[in-house]
Structure formats: C-alpha cells, structure tokens
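The values are calculated or read from the model by the stated rules, or taken from the named source; none is laboratory data. These numbers were taken from a predicted model, which means no experiment stands behind them. Here the Cβ positions follow ideal geometry from the backbone for every residue, glycine too, while neighbour counts run over all protein chains shown. Accessible surface areas use protein heavy atoms only, side chains included; no ligands, DNA or RNA. Shrake-Rupley method; radii C 1.70, N 1.55, O 1.52, S 1.80 Å.
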Amino acid sequence: MNELATLTKEVKEPVSERLDVEAVRKEFPILKREVHGKPLVYLDSAATSQKPLEVIETLNHFYRTTNANIHRGIYLISEEATALYEGARKKVARFLGARSWREVIFTRSATEAINLVAYAWGRENVKAGDVILLTEMEHHSNLIPWQLLAKEKEARLEFIRFDNEGHLQLEDLDTYLKEKVKIVALTQMSNVLGTINPVKEITKRAHDAGAVVLVDGAQSVPHMRVNVQEIGCDFLAFSGHKMCGPSGIGGLYGRKEILEKMNPFLGGGEMILEVTLRDARWNELPYKFEAGTQSIADGIGLGKAVDFLNRIGLDAICEHERELVEYAMNRLNEVEGVKIYGPHDEERGSALAITLEGVHPHDLASLLDAEGIAVRAGHHCTMPLHQKLEVPATTRASFYLYNTKEEVDKLVEGLRKSKELFGI
Amino acid sequence: MSALSELYQEVILDHHKKPRNFYKLKGANRSAEGDNPLCGDRIYVYLQLEDGVIREISFQGTGCAISRASASLMTASLKGKTQAEAESLFKKFHRMVTRGGNGSLDPAELGKLAVFSGVSEFPVRVKCATLAWHTLRAALKGKEEIVSTE
C-alpha cells in the first residue's frame, strides 16, 4: 500500500472490547517523559488530550510529502492534500453520525464553532425579547458568545439550574420553554462537574416548543459515543485537540436544512462561488463557512485521531474511564478534607473537581506538579459555576484512555503529602 | 532544599495559617481591591496614610498560601514606612520574585520578604506573590478600580 493510501485508510471497528491500558500508553510518546525527575502523570485531558504517535506522524508526513493548498491546485500534491482533508471530514462525519459530510464544518476550535452559530444563525433569528436558554454549568465558550448576542439584540439570557449533585433541574427547561425560547445551548458533559446531561431528552422538549438546540460536545465527543442524529440536535460543537487530535482544529456539526438557510460567518476566499466588486454568491456547504486557508494538516491529523479512537473503541474507552473514575472517587474519599463536586453516581464523565480543606487549589496544583502530576487549578473557564458552588477555585483531575489506577494512587499520595506539608 | 520546599518555607506557611494584620482597618483613608482571576484570589488592602507615611495597614480576602503569606508579610514590613520607601521595597521585591535575588540583591534590604525568593523558580506563582503589592500601590495612588493581575 502506498503512503497516501495508508493515510486515507479508515479504521471502523475496534480491535478488542476491552482496553489494554499498557498497550495504549505505548502509543503516546509524551507519557515516557519525566517532570521534576518523576514520571509524568497527566491528569489534565479535559484541558487538552495527549497525542498518539500516529497523529504526530501524520502531521509530520503531510508537511514532508503532501503540503499544498487545497481545493484549488491543478497539480498532483494539491489533489492529494484535498483528498486527505476531505477524507478527514468524512471520517469525522461518520464518527458523529451525521447524514452527510456537508454537515461538518471545520473550525479552529469548539469555541469558534459556537461563535459561528451565535453570529451566523443568532443574528438572523434572535430578536428583542427572545429567550436564549443556557445552563449554569456552561464553559465560558458557550456563555460569552450568547451574552454578546443577547446584548446586541436585547434578548434575554436564562439558565437551567443544577442541583447539589450537579444534575440539571429540568423543570426550569419546561418553565422557560413556555416563553419565547429561540435556542437552547448546553454542554453534553460538564468540564468541571463531570455531569452527563440528557441532551436527547432536552432536544426533544426544546423542538416540541419550537426552539433550536446547540450541544457543546467539547468534553463528550472524546469520551463517549455521540451520535448527532440520535440526539436530534441542530448543532454540535466539538474540539479536535481534546480527542487526541492536533490543536487548532475543531468543528461544527449542523443540520443541513438549517445551515443552508444561514448567512456566512467569515467572509473571504473559498467561501464564495462568484464575486463581483459589489456582490458575491456563497459557496455550497460546508465551504460557505470555511473562509480562508484552513488548518489543513490539523484537519488531516484529526481524521487520524478519529481512526485511532475507532480502533481502540469508544465503548472500551468509556468503560475504562468509568472504572477509573469510580476507583478515583473511592480513593479520594479516603482522604479527610477532600470534597468532590458533581455527581457521585457512576453515570458521569471523567472530570473530577475537588477541594482539599486547608490547601488552596493553586498551592495543591504546585505541590502535585512537584510529584510529576499535572492537574488544573482555578475556575476552568466556568466562573459562574464556581460562584454557584461558592468556592473561588477547584483542583481538577481529568482522565482519559491512557490513565491508570496507579496514577490515581499517586494523586492520592500527592494529596496526603500536601496535607503533611501544610500541617493538616 | 528542593525548589518546592524553598517555595513553601516555614515562614510562609506560618503567615498563611496565621496571617498578621488580617482585618478590616477602621479609620482607613485609603483602600483597594485586588483580583487574580486565574486562581480566584481576591484581596483588600486598607491603609491609614498620614503625611506620606503608612501609619496602619491591614488586609483581608481569600487566596493561596503564597498570596496570603505575601500580603501578611507585606503589611508587617510596611508599617511606619513612607510612601517612597514602600515603592522602593516593592521594586526590590518584584525584581526578586521575577528574576531571582541572587547576586543583585542584598537579602538584608528585603528582610523577612527574602523568604519569597523561591517564587522566581515558579513563574506561574509570581502573580500570587505580587497581588498584595499591586493592590497596595493602587491604594497608595488612591485608585478606585479593582486591580487585576491579568
């Protein structure tokens, strides 16, 4: 098989039902490194995931052999680059269960995808007095674009609350849906609480009330099977770098009917069919929304990441993380002074936000770093959520397919050492 | 000593646990609020400034061990100092935590504040150590807005 064919070949079925974590770890070169003289324990995958060798090599290989601009060259390597890029789009479309590759728009990030909707759809469809319904647990990326839109249009922002266990209070949804809700935009998996929201049920209720639904899949898509047709949502934003892909690439799934009616987001090259000095006709989907030269290599790298995840299997990844989180919650509960936020049941994602009494999250993260453990401390781009929890900050450990129970043990040991140093 | 135990010296942990001058100063004629949005730290510095001299100084707020200890040690070092002396001390302190004090600074000039020299090994923690000082400077200038490290 030639190299181009190797890159284009798609993996659809996982090799086994159970995840062999030691084998998986060998595919991630960075996991071999040491920090502060200790093996790296990477527990910050909710911020960004590590990259398997095949994704790294795909980028390298592309720049070495196939680099050219896409959709325009009459020459061979441009055709090859176009085939790889569009091949990646098709892989992503199948991965998300879209009906057509035309429903997948590549963006720089999930953030840009949400902004695209807030601008291109929002400005046409949201009027003064309309309700934009979000939840209290949204990442700033699914909050600020709507704040900007609401201010411009004098629309109302409303929020579905969450309870003490981090579950959405769906009675709020029903209450607001009696009003003029134009769009419901919510995360499928909280990046702090780990809550998995019932997006299918919410979409159904929202559609019955005539509202459009955007799902923020930045945290869910890397970790569980997500099928946009099954959810029924109109839009789903996702991030490439959180799902083993390169940074600088993400995307938006949008239902074809709704995308076709929308105006473009950014104007420029590639998104037009015909241009005169005073006017232009828009290109067909998805190119209408892809102005300018795209992040070509990163898009191709994302396609390879999809292959990788398909080979390991989302179900196997999901099960591995479920076991790991259950183990982590049990072990963390052994440490006096630890408080875990979010659901305490099994149906949760792998982001675990904690506080340790007497040790500020920022100190804790520094102390864990000295043990080689990478965690995040702060508000994780969810300031309103932390205001609700009434803590200025939390420490977050988040897991992915390459994490082990031994790493959880090291985290727990790190917490004990921190308490010792602080004399608690 | 490892870089980490250099950062979390006993003096720092002591000031974190038992912060000095940790109350709202009654009769303060200057005050300011400082904010470190990255880690959610928030601090209030209160001053009684008379003829350019800091007669009384106190602080309140929440933050990590480094920011709280820094505020505590700052208030302890500044009582009775002139505005110009405070500014000079800030500059030395800032140089120490950003570039490291070795060679260029006489530790005696900084007194107890020298315990923060380990901060320079942790660039992300510089903001924690300097939050109280930035807030102090805002209070001295009589600024009303919230000072942010971002």
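The set of residues from the stretch A:171-190 being among the aliphatic types (A, V, I, L, M) and either open to solvent by 60 Å² or more (accessible area, probe 1.4 Å) or touching a strand residue (DSSP E or B) at 6+ places or on another chain (Cβ under 7 Å) (or both) comprises A:Leu173, A:Val181, A:Ile183, A:Val184, A:Ala185, A:Leu186, A:Met189.
Would you pick out the residues in the stretch A:355-388 that are of a type in the set (D, E, K, R) and more than 12 Å from every other protein chain (Cβ to nearest Cβ)? Give the steps one after another, and end with the answer.
Let us first name the residues in the stretch A:355-388 that are of a type in the set (D, E, K, R), namely A:357, A:363, A:369, A:371, A:376, A:388.
Scanning the stretch A:355-388 gives A:Glu357, A:Lys388.
In the stretch B:1-24, how many residues are at the interface with chain A (Cβ under 8 Å from one of its Cβ atoms) and of a type in the set (A, V, I, L, M, F, W, C)? Residues meeting the conditions: 4.
If I ask for residues that are hydroxyl-bearing (Ser, Thr, Tyr) and within 11 Å of chain B (Cβ to nearest Cβ), which ones from the stretch A:389-423 would you list?
Taking the stretch A:389-423 as the starting set, the residues that turn out to be hydroxyl-bearing (Ser, Thr, Tyr) are A:394-395, A:398, A:400, A:402, A:404, A:418.
Matches in the stretch A:389-423: A:Thr394, A:Thr395, A:Ser418.
Quick check, is A:Leu7 over 26 Å from A:Asp216 (Cα atoms), buried (at least 21 other Cβ atoms within 10 Å of the Cβ) and modelled with pLDDT under 95? For A:Leu7, the condition - over 26 Å from A:Asp216 (Cα atoms), buried (at least 21 other Cβ atoms within 10 Å of the Cβ) and modelled with pLDDT under 95 - is met.
Note on the stretch B:26-50: among residues that are within 13 Å of B:Thr75 (Cβ to Cβ) and open to solvent by less than 30 Å² (accessible area, probe 1.4 Å), the one that is nearest to the other protein chains (Cβ to nearest Cβ) is B:Ile43. With respect to the conditions (1) open to solvent by less than 10 Å² (accessible area, probe 1.4 Å); (2) in contact (Cβ under 8 Å) with a residue 40 or more places away in the chain, A:Leu389 lacks only one, and its number is (1). Here the strands (runs of 3 or more DSSP E) wholly within the stretch A:204-287 that include at least 2 residues being buried (at least 16 other Cβ atoms within 10 Å of the Cβ) are A:212-216, A:235-239, A:250-254. Of the strands (runs of 3 or more DSSP E) lying entirely inside the stretch A:88-160, those containing at least 3 residues that are open to solvent by less than 10 Å² (accessible area, probe 1.4 Å) are A:104-107, A:131-135.
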